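Undergrad: Handing you a structure now.
Each value in this text was obtained by applying a stated rule to the coordinates, not by laboratory testing. These numbers were taken from a predicted model, which means no experiment stands behind them. Positions of Cβ are generated from backbone atoms using ideal geometry, with glycine treated the same way; all protein chains shown enter the neighbour counts.
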Amino acid sequence: MNLDELRDIAILMHKIMSIDIVQSLWIVYRKYGMEEIQSKRPINVSDAKFWPKEVSSLMKKLKNDNIIDESSCLIFANQCLQELYNKKEHYRHELNVKTTRLSGYNFSMEYTIEKFVQQGL
C-alpha cells in the first residue's frame, strides 16, 4: 500500500461525500416544489408554483427551454437526483474495488481517511 493508493481512496471518498451534499440540496428543492416543506419566510421562488428559482434557472441554462412548469421542474429534479445517484454508485464501486485490492486496508484506516476528508469539506 502506497501514498498514491491512499490518495485515490481519499479522492473517491471526497467525491461521494460531495455528491451526498448536493443530493441533499436537490431533495430540499424537490420538497419545496412539491410543497412538502412549508416556510414561514418568503423564499426565492420561480414562476412554476413553489419551485426555487435555482431549479428553473438551471433548467433554462441546461435545456434552453423557456417553458417551465411544475411537471417539468419535478422531472428535472428527479433526473438530477438520478444522475447524482448513478455517479455516487459508480464512485462507490470504484472505491470498493480499490479497497478490496489493498492488503492491510482495514476499518480503522477507512475511518481515519473518512475523518480526514470530512475535515476538508
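Undergrad: How many lysine pairs in the chain, separated by 8 or more positions in sequence or lying on different chains, have Cα atoms less than 18 Å apart?
TA: Going through the chain pair by pair, I get 14.
Undergrad: Where the convex hull is taken over the Cα atoms of the chain, what is its projected area averaged over directions, in nm²?
TA: Its Cα hull, projected and averaged over all orientations, spans 9.5 nm².
Undergrad: Calculate how steeply helix 3-33 sits against the longest principal axis of the alpha-carbon atoms of the chain, using the helix alpha-carbon long axis, and give the answer as 0 to 90 degrees to the nearest 10.
TA: 20 degrees
Undergrad: Taking only Cα atoms, what is the 0 to 90° angle, nearest 10, from helix 70-101's long axis to the longest principal axis of the chain?
TA: The answer is roughly 0 degrees.
Undergrad: Ok, one more. Just how large is the dipole of the chain about the Cα centre, in debye to the nearest 20, putting +1 at every Lys and Arg Cβ and -1 at every Asp and Glu Cβ?
TA: In total the dipole reaches around 220 debye.
Undergrad: Report the one residue of SER72, TYR105, LEU95 whose Cα lies farthest in the direction of the positive end of the charge dipole of the stretch 66-117 (charges on C-beta: Lys and Arg +1, Asp and Glu -1; origin at the Cα centre).
TA: TYR105
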